[in-house]
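Please treat every number below as a calculation from the coordinates, not as lab data. Just so it is clear, the model here is predicted, and its values are computed rather than measured. We place every Cβ from the backbone using ideal geometry, glycine too, and count neighbours over all the protein chains shown.
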Amino acid sequence: MTKNNEVIVKETIDELLKLLQIEGSAAIIETEEAISVNLDTPDSGMVIGHHGDTLESLQLIMSLCVSKKIGSFKRISLEVGDYKKNRSEWLEKLAADTREKVITENKEVHLYDLKSWERRVVHLLFQDDKEIESESVGEGKDRVLVVKPKS
């Protein structure tokens, strides 16, 4: 991350936390795909929200604010209290169980109520699989991940 981008991200996060009256500090790492922000706060429950809804919204707001300031879109990935890490581990188990069910029963399985980043995690887990494939179908809140045998 360029020093200038790092300052912009840090200032944006600090400003947003101040507006929300949330105490916390952030560690920032930039990759080609995104800017990862690990937020350490005693208000983690409030930042994560119900099923991660607030966390997802804050990521989008931060992405839009930072992108406007740096002149190009950059996705922000916000981690608070290992929420995403723990959720990713759960998703890996769900994917393994789903894969087994699809192969055993030789029929597709629908996974409901996954956020876009969660569907992406599962898609990446299955991308090189020789026996099954996954796709997202539907729109908006009704979007579903379908896992099925390869034809």
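Distance between Cα centroids, the range 1-53 to the range 65-85: provide it in whole Å. Their Cα centres are 7 Å away from one another.
Is the range 86-149 best put as rounded, prolate or oblate by its Cα gyration tensor, with a ≥ b ≥ c the root eigenvalues, rounded for a/c under 1.5, and otherwise prolate when a/b is larger than b/c, oblate when not? Mind showing how you got there, number by number?
Details: a/c = 1.71, a/b = 1.25, b/c = 1.37.
Taking the square roots of the gyration eigenvalues as a ≥ b ≥ c, the range 86-149 is oblate.
Amide H contacts of Arg75: Ile35, each under 5 Å away and 5 or more positions distant or on a separate chain (H built 1.01 Å from N in the peptide plane; Pro and chain starts excluded).
Kindly give the semi-axes, whole Å and largest first, of the ellipsoid equivalent to the chain, taking each as the square root of 5 times a Cα gyration tensor eigenvalue. Provide the component values of the computation, followed by the final result.
Details: eigenvalues 228, 53, 34 Å².
With the √(5λ) rule applied to the chain, the semi-axes are 34, 16, 13 Å.
Could you list the trypsin sites (Lys or Arg not before Pro) in the range 75-151 that lie in coil according to DSSP, counting only those with at most 16 other Cβ atoms within 10 Å of their Cβ? The partial results should precede the final answer.
Details: sites: Arg75, Lys84, Lys85, Arg87, Lys93, Arg99, Lys101, Lys107, Lys115, Arg119, Arg120, Lys130, Lys141, Arg143, Lys150; in loops: Lys107, Lys115, Lys130, Arg143, Lys150.
Passing sites in the range 75-151 are Lys107, Lys115, Lys130, Arg143, Lys150.
State which stretch of the chain is the longest one without any exposed GluC sites (Glu not before Pro), exposure meaning a DSSP loop state and at most 16 other Cβ atoms within 10 Å. With a cap of 16 other Cβ atoms within 10 Å, the longest stretch comes to 34-107. Scan the range 43-101 for chymotrypsin sites (Phe, Trp or Tyr not before Pro) in coil per DSSP, keeping those whose Cβ has at most 11 other Cβ atoms within 10 Å, and list them by number. The qualifying sites are Phe73.
Under the rule of -39500 (n - 2.57) per DSSP H run of 4 or more residues, summed and divided by the residues of the chain, what mean residue ellipticity at 222 nm is obtained, to the nearest 500 deg cm²/dmol? If you can, show how the numbers build up before the last one.
Details: 5 runs with 75 residues, N = 151.
After summing the helix terms and dividing by residue count, I get -16500 deg cm²/dmol.
The charge dipole of the chain, taken about its Cα centre with unit charges on the Cβ atoms of Lys, Arg (+1), Asp and Glu (-1) only, comes to about 300 debye.
Pairwise inverse Cα distances across the range 3-81, averaged and inverted, put the Kirkwood hydrodynamic radius at 12.5 Å.
Can you tally the net charge around Ala34? Count Lys and Arg as +1, Asp and Glu as -1, for every other residue whose Cβ sits under 9 Å from the Cβ of Ala34. Provide the component values of the computation, followed by the final result.
Working: positive: Lys74, Arg75; negative: Glu30, Glu32, Glu33.
Around Ala34, the charge tally is -1.
Candidates Leu55, Thr41, Val7 compared by Cα position along the dipole of the chain: farthest toward the positive end lies Val7, with charges placed on Cβ.
Suppose we keep just the DSSP beta bridges with both residues in the chain; what percent of those would be antiparallel, to 5? Walk me through the intermediate numbers first.
On the way: 15 of 21 bridges.
Around 70 percent of the beta bridges assigned by DSSP in the chain are antiparallel ones.
Database remark: amide H of Glu30 closer than 5 angstrom to the amide H of Ser36 (H placed geometrically; neighbours at sequence offset of 5 or more, or on other chains; Pro and chain starts carry no H).
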